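The values are calculated or read from the model by the stated rules, or taken from the named source; none is laboratory data. Keep in mind that this is a model prediction, so the values were computed, not measured. Because the Cβ atoms are built from the backbone with ideal geometry, glycine has one as well, and the counts that use them run over all protein chains shown. Accessible surface is based on the protein model in full, side chains and every heavy atom, while ligands, DNA and RNA are left aside. Shrake-Rupley method; radii C 1.70, N 1.55, O 1.52, S 1.80 Å.
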Amino acid sequence: MTKHQNETPSKKGSFDVWLFITVIILTVFGLVMIFSASIPSARAYQNDSLSFVKSQIPAIGVGLVMMLVCASIDYRVYKKLAIWIFVLNIVLLLAVAFFGSTINGAKRWLSLPIPGLRSFQPSEITKVSVVLIMASVLSNIEPSKQTFLKIYTPLFVFVGIPALMLLKQPHFSAIIIIGLTVGSMLICYGMKLKYYLPAAGAAVAGITILAFTSPYRMQRILAYRNPFLDKQGDGWQIVQSLYAIGSGGLFGLGLTRGRQKHMYLPEPQNDYIFSVICEELGLIGGLVVLILFVFLFIRCMKVALECPDPLGLYMAFGLGMLIIIQAVFNMAVATNVIPSTGIMLPFFSAGGTGIVVNMAAMGIVLNISRHKG
C-alpha cells in the first residue's frame with residue numbers, strides 16, 4: 001500500500017465533498033444525541049438541562065473553523081510543523097502533570113476560561129500529533145531500506161514518551177488507541193514482519209502487565225466476563241448499557257424517551273452515548289451510526305489511495321484509522337464486546353477538545369483529498 005516508488009505530480013482540485021458532508025452529519029447527529037442523553041444529568045448536577053449542549057455548540061463552532069482552516073493549508077506543511085506540534089503537545093502533557101485538574105481519579109485536563117473549552121484535554125491532541133509525526137517519519141524511509149534502528153528510534157521517541165506521560169495521568173485507553181493507530185500505519189507502510197513482531201509482542205506484554213497489576217483494571221476485566229454476577233457493583237455500568245440497548249428493540253423508544261439515562265447509565269452523554277442512541281433510536285439508529293463511521297473511513301481510505309505521495313497516504317490513512325478505531329472501541333464497550341474503558345464516540349460524545357481536534361483532523365484529510373495523482 002506504499003507509494004515510495006513511481007510517485008507522480010499531484011493535481012490540485014476540489015476537496016472530497018462526501019467526506020465533508022459525512023463529518024457535518026455526524027456532528028449534527030451527535031449534537032442532537034448529546035441534547036437527549038444529557039438532560040437528566042445536566043439537570044441534576046448543573047441545574048440546567050441544556051448545559052452540555054450550551055458547552056458543545058461553541059466547541060462545534062471552533063471545530064468547524066479549524067476544519068476549514070486545516071482544509072485550506074497544504075498538508076505538506078505539516079511535515080515541517082509535525083515536530084513542533086509534537087513538542088507543544090509534550091509541554092501540554094507536562095502542564096497537565098503539574099497543573100491539571102483531577103476528575104474521577106484521573107488527572108487529564110487543563111482548566112481554561114473559554115466557553116465550550118473550559119476543560120481542555122491535551123491527550124486528544126496527542127493522538128493526532130503522533131499520527132502526523134509518524135506519517136512524516138515513515139514518508140522519509142524507503143520500505144526497501146528500512147532497518148530496526150530507523151523504525152524503532154522514532155517509535156521510542158514519538159510514541160514511547162507520550163505513552164509514558166499518558167500512563168501517569170492515567171489514560172490507558174488513549175495509549176491503546178495510539179498504539180493500534182500507529183500499528184496500522186506500520187502495516188500500511190509495509191514494515192517487515194521481523195520488525196513488527198517485537199513491537200506487537202511488547203505491546204501485548206505491556207497491556208497484560210498493566211491490566212493484571214492494576215486492581216481497578218482487573219475489576220473491569222472480571223466484570224466484563226459476567227457483569228450480572230455483580231450488577232450492583234463493578235458490573236453496574238455494563239448491565240445498564242445492555243439494558244438500554246436491549247430495550248430499544250428495532251426502532252427504539254423515541255428520541256428523548258430513553259429510561260437508562262435517568263441516573264442509571266453512567267456518563268450517558270459521553271462514554272455510553274451509543275447505548276442511549278440504541279435505546280431511543282433502536283437497532284436502526286445504531287446501524288445508521290455504524291454506517292456513517294464506515295462511510296467516513298472509506299472516504300479517508302479513498303483519499304489515502306489517491307494521494308500521489310507517501311506523506312499524504314500515511315496521514316489520511318492514520319487519521320482515518322484514528323477515528324474508526326475509537327468508534328469501534330466505544331461501540332464494543334457499550335455492547336460488552338470488550339472490557340469497559342473510557343473511550344468517547346467521535347463527533348457524538350460531549351467534550352469540547354474532542355470535537356475540535358476530530359474536526360481539525362478531518363480538515364487535514366480534506367486538504368489531502370484535493371491532491372490526486
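Could you grab the pairs with beta carbons closer than 7 Å, sequence gap of 6+ or different chains, first residue in region 34-56 and surrounded by fewer than 19 Cβ atoms within 10 Å (Cβ to Cβ), second one of a type in the set (Val, Ile, Thr)?
Hits for this filter: SER49/ILE39.
Regarding SER184, is this residue among the hydroxyl-bearing types (Ser, Thr, Tyr) and in contact with a His (Cβ under 9 Å, 6 or more places away or on another chain)?
Working: among the hydroxyl-bearing types (Ser, Thr, Tyr): yes; in contact with a His (Cβ under 9 Å, 6 or more places away or on another chain): no.
So SER184 does not fit the description; no.
Residue-by-condition table, conditions (1) closer than 25 Å to ALA316 by Cβ; (2) of a type outside the set (Ser, Thr, Tyr); (3) without any contact (Cβ under 8 Å) to a residue 60 or more places away in the chain:
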{"site": "CYS70", "(1), (2), (3)": "yes, yes, no"}
{"site": "VAL91", "(1), (2), (3)": "no, yes, yes"}
{"site": "PHE99", "(1), (2), (3)": "no, yes, yes"}
{"site": "ILE103", "(1), (2), (3)": "no, yes, yes"}
{"site": "SER123", "(1), (2), (3)": "yes, no, yes"}
{"site": "THR126", "(1), (2), (3)": "yes, no, yes"}
{"site": "SER129", "(1), (2), (3)": "yes, no, yes"}
{"site": "SER139", "(1), (2), (3)": "yes, no, no"}
{"site": "THR147", "(1), (2), (3)": "no, no, yes"}
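Scanning for something in contact with a helix residue (DSSP H, G or I) (Cβ under 7 Å, 6 or more places away or on another chain), acidic (Asp, Glu), in a helix (DSSP H, G or I) and open to solvent by 60 Å² or more (accessible area, probe 1.4 Å), does region 217-238 turn up at least one residue?
yes
Quick check: anything in region 283-297 in a helix (DSSP H, G or I), aliphatic (A, V, I, L, M) and either touching a strand residue (DSSP E or B) at 6+ places or on another chain (Cβ under 7 Å) or crowded, with 21+ Cβ neighbours inside 10 Å (or both)?
Restricting attention to region 283-297, the residues satisfying the condition of being in a helix (DSSP H, G or I) are 283-297.
Cutting the leftovers down to aliphatic (A, V, I, L, M) gives us 283-284, 287-292, 294, 296.
Pick out the ones that are also either touching a strand residue (DSSP E or B) at 6+ places or on another chain (Cβ under 7 Å) or crowded, with 21+ Cβ neighbours inside 10 Å (or both) and you get 289, 296.
So far as region 283-297 goes, yes, one or more of its residues are in a helix (DSSP H, G or I), aliphatic (A, V, I, L, M) and either touching a strand residue (DSSP E or B) at 6+ places or on another chain (Cβ under 7 Å) or crowded, with 21+ Cβ neighbours inside 10 Å (or both).
Which of the residues belonging to region 308-360 are open to solvent by less than 20 Å² (accessible area, probe 1.4 Å) and at positive phi?
Correct list: PHE347 only.
Residue check: is LEU149 within 22 Å of the chain's Cα centre (by Cα) and of a type outside the set (Lys, Arg)?
Against the criterion (within 22 Å of the chain's Cα centre (by Cα) and of a type outside the set (Lys, Arg)), LEU149 does not qualify.
Among the numbered criteria (1) buried (at least 20 other Cβ atoms within 10 Å of the Cβ); (2) of a type in the set (A, V, I, L, M); (3) closer than 22 Å to ALA135 by Cα, which one does VAL23 miss?
Single failed check for VAL23: (3).
State all residues of region 252-279 that are under 21 Å from LEU26 (Cβ atoms) and surrounded by fewer than 23 Cβ atoms within 10 Å (Cβ to Cβ); if no residue qualifies, say none. Give the derivation first.
Step one: filter region 252-279 for residues under 21 Å from LEU26 (Cβ atoms), giving 252, 255-256, 258, 261, 267-279.
Within region 252-279, GLY252, LEU255, THR256, GLU267, ASN270 qualify.
Going through region 206-216 one residue at a time, which ones are open to solvent by 70 Å² or more (accessible area, probe 1.4 Å) and more than 23 Å from the chain's Cα centre (by Cα)?
Within region 206-216, the subset open to solvent by 70 Å² or more (accessible area, probe 1.4 Å) is 207, 209, 212-213, 215-216.
Correct list: ILE209, PHE212, THR213, PRO215.
If we scan region 257-273, do we find a residue that is on the phi < 0 side of the Ramachandran plot, in a helix (DSSP H, G or I) and under 19 Å from the mean Cα position of the chain (by Cα)?
As a first pass, look at region 257-273 and keep what is on the phi < 0 side of the Ramachandran plot: 257-262, 264-266, 268-273.
Now drop any that are not in a helix (DSSP H, G or I), which leaves 273.
Still in the list and also under 19 Å from the mean Cα position of the chain (by Cα): 273.
Yes, there is a match, as at least one residue in region 257-273 is on the phi < 0 side of the Ramachandran plot, in a helix (DSSP H, G or I) and under 19 Å from the mean Cα position of the chain (by Cα).
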